[in-house]
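What follows draws every value from the coordinates through simple rules; no lab data is involved. Computed from a predicted structure; not experimentally measured. In this analysis, Cβ positions are derived from the backbone assuming ideal geometry, glycine residues included, and neighbour counts consider all displayed protein chains.
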Amino acid sequence: MTGFLHDLIVSASNTSHWTRDGETYATLRDEVAALAETLRLRGVHPGDRVMLITETCPAAIRAILALSRLGATVAPVNARHTGAEIAALREHLQPRAVLITPDTSPEAAAHGTALGAAPLTDGVVMSAPDPVPPSACPDRPEDRIAAILYTTGTTQSPKGVMLSHANLCWNARTSADLRDMVAGDLVLAVLPITHIFGFASVVLSALATGARLWPMARFEPGEVAAALAAGVSVFPGVPQMYARLITETEAAPAPNLRYLSAGGAPLDPDWKTRIEARYGLPLHNGYGMTEASPGICATRPASPRADISVGTALRDVDLRLCPDGALEVRSPGVMRGYFRDPLATRGALTPDGWLRTGDLARIAPDGAVHILGRSKELIIRGGFNIYPPEVEAALSLHPDVAQAAVIGRPTGGDEKVLAFVQTTAPLREATLQDWLRPRLAPYKIPARILVVDSLPTAPTGKILKHRLLDVFAPELDLDAESPCPAQ
């Protein structure tokens, strides 16, 4: 499938609206063309890389499409990054310039000030162009890099995922078809546009069908509940968003809501049941990753599932399991590679074009995929394999547990299972140990269960497991035995 990102808006009716505030697609096309010309006059050339520091907003969408029209590559970066994090990404990316949307948040405004950015157009400021070497700009969409998205990953070193126009256009149309989206839909875009889920599966899929977008810079449960009551019809989110909607808002009508989906993190069965009861709709589940643009699997509106599988493979997606249970994927969405990292690229892509996901999976006879966990997160205790999502799901079934994260820690030639839980009411470690005993085999029960005020998360709400020990080890004795050790 060919085409450029800015082509996604060509098929939309001139008179249809692309925002809930009434701006039409015809106006959007004119604004994108004008911004592309302004960028050209300011020294941005086809093939250049441009960093975009932003939150989800219309100005960011215009900038992304304008850079596409110009033939440049956009690298969206969340404004909530620190100055040091921005500097590290900028050093790696070596962009021609940096665009910022200062009106979206105080953090974005601060970055604009720190970089000495000057006004470019309504809602966007730009740093002075840097004298970086020019880059080639292939004519074919399948060869031209539309975006470089930096992964949060499970390590301390984010990687720049290079996605082509063909990658992203395929995902946009596939996501739209999956949800049966039409021009009359109102899509809530509260997922960060700097993350592949919000960037491709929400914003680009809405543009591909001429739907309206309701952009929100940040997730606030009350604002999201109000938006659902005000006419949103399609709401893609992450499991943590749904958990907060249930715990922090009262039930309210959602008259036009017809599609709910979760992705980006394991789905808890209890939260799935509770959100479905509140809205009277199935909560669809899916699986993807930045390196796949991101779509890989999803449940279907015509056949919702009661379990928490991630559904079957999307159209044009092939799956295979390695002997160790690791999942590999081949599809039109698979990335071109990691920017300036050929070694990591060779580790992620097989010579015959399959993406090594790094996830352990099971494929049921009906084709439904069950994700067992990250292969690197697999815990081996006393010779037994322990999959963190299974333990997290058992903890989350407790009515007072809001979120749970489970990791392994090497100790004495074995691995210790550690759990970190965020609760809605005071809980003792011993209480949670007792809760798990009838639900898990003894070897799966964590040696320590630490009740914490909050868990470190990415802007999407995804728990950053690689930070758990750094955050909590200084104040908690992780080497102490549980008051109720597993038998």
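Brief remarks follow.
- The simple spin-label model puts a point 7 Å past each Cα toward its Cβ; for residue 454 and residue 24 those points are separated by 4.4 nm.
- Taking the centroid of alpha carbons for each part, the range 28-102 and the range 188-245 are 22 Å apart.
- Structure-based [θ]222 nm, the chain - -39500 (n - 2.57) summed over DSSP H runs of at least 4, per residue, nearest 500: -7500 deg cm²/dmol
- For the range 185-225: rounded, prolate or oblate by the Cα gyration tensor [a/c cutoff 1.5]: oblate
- Hz values of 3J(HN,Hα) by residue in the range 238-246 - Karplus curve (6.51, -1.76, 1.60), Gly and Pro given as x: 10, x, 5, 5, 5, 4, 6, 4, 5
- Hz values of 3J(HN,Hα) by residue in the range 280-287 - Karplus curve (6.51, -1.76, 1.60), Gly and Pro given as x: x, 9, x, 9, 6, 10, x, 9
- Applying a DSSP loop filter and a limit of 16 other Cβ atoms within 10 Å to the GluC sites (Glu not before Pro) in the range 65-167 leaves 142.
- Using θ = phi - 60° and Karplus 6.51 cos²θ - 1.76 cosθ + 1.60, couplings along the range 392-409 (whole Hz; Gly, Pro as x): 4, 5, 5, 5, 5, 5, 5, x, 9, 9, 8, 8, 9, 9, 10, 9, x, 9
- Antiparallel content of DSSP bridges confined to the chain, in %, to 5: 60
- Between the listed residues 389, 378, 399, the Cα displaced farthest toward the positive end of the dipole of the range 377-418, a dipole computed from Cβ unit charges relative to the Cα centre, is found at 378.
- Neighbourhood net charge (15 Å Cβ-Cβ; Lys/Arg +1, Asp/Glu -1) for residue 34: 0
- Amide hydrogen neighbours beyond the local backbone of residue 216, cut-off 5 Å, H modeled: 189, 190
- What you get for the chain, charging only the Cβ of Lys and Arg (+1) and of Asp and Glu (-1), is a dipole of about 660 debye around the Cα centre.
- Proximity of backbone amide H atoms, modeled 1.01 Å from N, is registered between residue 403 and 422 at under 5 Å, excluding neighbours fewer than 5 places apart on the same chain.
- The range 378-472 - share of DSSP beta bridges that are antiparallel (%, nearest 5): 75
- Between amide H atoms placed 1.01 Å from N, distances below 5 Å from residue 75 occur with 50, 51, 52, 148, all of them 5 or more places distant or on a separate chain.
- In terms of distances greater than 23 angstrom between alpha carbons, the cross-link table entries 159/272; 272/462; 159/416; 159/462 yield 159/272; 159/416.
- Cα gyration tensor shape of the range 153-224, rounded if a/c is under 1.5, else prolate or oblate by comparing a/b with b/c: oblate
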